[in-house]
Amino acid sequence: MPLDKRDLYRFPWSMNDNPIAWLEVTDICNIHCEGCYRQHISGHKTFDEVKEEVLFFKRWRNPDNVSIAGGEPLIYPHIVDLVAFISQLGIKPIILTNGMALKPELLRELKRAGLAGFTIHIDSHQNRPRWQDKSEADLNALREQYADMIAEVGGLYVIFNSTVYPSTFHEIPDVLRWGQAHIDRVHGLVFITYRTATTGDHVATDLTDREVELEKLSYVRESFHEKFVTGPEVHDLIQQHSPDFQAAGYLGGTIRHDSFKWVAGAMIGSRRQMYGSIGKQTMELAQAGHHLLKGTYLAYLAEAKIGRKVFFMWPWDPSVRRAARQWWRDIVRHPGHLFDSIYVQSIGIIQAPDLQTDGRADMCDSCPDITIYNGEFINSCRMDEYRLFGGLLSVVERQKENVS
Ligand code: SF4
């Protein structure tokens, strides 16, 4: 079923009331990913600077979690103390990492400090030692190493995300299949569609209308002739592979009425079988209920396993009702399955900024990944435009020279 906004719950997030605070602690990284939009300019922030940013978020953002990002946050020297600082404020600390520096000892220290979970970025366009020239299916072995290491410590949330390129689009089902088979330890999968501007096709101007050297940005390349993958295309491919998958919530674009910038849902299943998805009613109750009871909207669950409690939503949510029916049919056929644990696994699809013909970009409405730059909230995906050129660029198509 193609995506239709009427079937989805529009997340009620805003600038000042948003579950995610995107905190960048360093711009240094230990690998290079093709889709990365950050470059090394300033290095590690001081611990005092970072603590101030956390307090700024707490005051102006009302976050449920702080997503500690970079660069690579696990190489930040104060990472354990930072996790403890955030946790003591009653906010969930989540680390966004490539996993390279994650070792069992550090993991245990982070858990003791109050870490809520990880988002681990793994895809085949990373310059990852010993894992080059691998397919997404090959990389499932690496994903599994991390999932197992984190499950062994227990009580931590783990999501795997990957950038989707036109060349890797068809490999999404390989990641999905692996994630579903490990639903007991993989709490979510996120697919982010790749975007770039090109020096061959685009000209950029700064706030004073002066042309700038676009090639200074890491998210610009010389040329790119493939067709960008869209969020709805990723959604349709997931549904072809898992017909029971149904998206439940979305964020639109800041310019286009028809964009699906964030699409999110959650599948219900056991290690043996997927039974279905939550629908928009459950998503709405989760957001509104969390806000009512805890005062914040929700992006990550503190307790990773919701289990069978999700079936309590069957009177209100037709999608959960279908899943519950599938579960019962399965139990009738295989009574032993009654004792299988039931899990909920989130699926997210993010469509990165899309350039428009007038030079602006269609961004994610109520951008959840807003960060702080010079005391202001800005979209983290475009922070290097501020750092290098003092503000957002206007990027238009280069006029082709008349060769006739
Ligand atoms: S607009 Fe915000 S949420 Fe969307 S890609 Fe950029 S930083 Fe992420």
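Looking across the stretch 83-106, the residues that are farther than 20 Å from ASN18 by Cβ and within 21 Å of the chain's Cα centre (by Cα) come down to VAL83, THR97, ASN98, GLY99, MET100, ALA101, LEU102. Considering ASP244, ASP209, ASP184, the condition of being in a loop (DSSP other than H, G, I, E, B) and at positive phi is satisfied by ASP209 alone. Hey, can you tell me all the residues within the stretch 110-147 that are charged (D, E, K, R) and closer than 17 Å to THR168 by Cα? If the condition is that a residue be charged (D, E, K, R) and closer than 17 Å to THR168 by Cα, then ASP123, ARG128, ASP133, LYS134, GLU136, ASP138, ARG143 are the ones that fit.
Identify, from the list VAL50, VAL25, the residue that is at pLDDT 95 or above, open to solvent by less than 50 Å² (accessible area, probe 1.4 Å), in contact with a Pro (Cβ under 8 Å, 6 or more places away or on another chain) and more than 15 Å from the ligand (Cβ to nearest atom). Selected residue: VAL25, the only one of VAL50, VAL25 that is at pLDDT 95 or above, open to solvent by less than 50 Å² (accessible area, probe 1.4 Å), in contact with a Pro (Cβ under 8 Å, 6 or more places away or on another chain) and more than 15 Å from the ligand (Cβ to nearest atom). Taking the listed residues GLY99, GLY71, the one that is within 18 Å of LEU156 (Cα to Cα), part of a loop (DSSP other than H, G, I, E, B) and open to solvent by less than 30 Å² (accessible area, probe 1.4 Å) is GLY99, with no other qualifying.
Kindly check whether there is at least one residue in the stretch 319-326 that is within 16 Å of the ligand (Cβ to nearest atom) and either without any contact (Cβ under 8 Å) to a residue 60 or more places away in the chain or assigned to a helix (DSSP H, G or I) (or both).
Of the stretch 319-326, the ones within 16 Å of the ligand (Cβ to nearest atom) are none.
Scanning the stretch 319-326 turns up no residue that is within 16 Å of the ligand (Cβ to nearest atom) and either without any contact (Cβ under 8 Å) to a residue 60 or more places away in the chain or assigned to a helix (DSSP H, G or I) (or both).
Report yes if some residue within the stretch 280-303 is free of Cβ contacts under 8 Å to residues at least 40 places away in the same chain, under 22 Å from ASP236 (Cα atoms) and open to solvent by less than 10 Å² (accessible area, probe 1.4 Å); otherwise report no. Checking the stretch 280-303: not a single residue is free of Cβ contacts under 8 Å to residues at least 40 places away in the same chain, under 22 Å from ASP236 (Cα atoms) and open to solvent by less than 10 Å² (accessible area, probe 1.4 Å).
Taking the criterion of being closer than 30 Å to TYR146 by Cβ and open to solvent by less than 30 Å² (accessible area, probe 1.4 Å), the residues of the stretch 184-216 that qualify are VAL186, HIS187, GLY188, LEU189, VAL190, PHE191, THR193, TYR194, THR196.
Each residue in the stretch 247-291 was checked for being assigned to a loop (DSSP other than H, G, I, E, B), within 16 Å of the ligand (Cβ to nearest atom) and of a type in the set (Gly, Ala, Ser), and 2 of them qualify.
Note on the stretch 327-342: residues that are part of a helix (DSSP H, G or I) and of a type in the set (S, T, N, Q) total 0.
The values are calculated or read from the model by the stated rules, or taken from the named source; none is laboratory data. Worth saying up front: this structure is predicted, and the values here are computed from it rather than measured. Methodologically, a virtual Cβ is constructed for each residue, glycine included, from the backbone with ideal geometry; neighbour enumeration extends over all protein chains shown. Just so you know, the surface numbers come from the protein's heavy atoms only, side chains and all, with ligands and any DNA or RNA stripped out. Shrake-Rupley method; radii C 1.70, N 1.55, O 1.52, S 1.80 Å.
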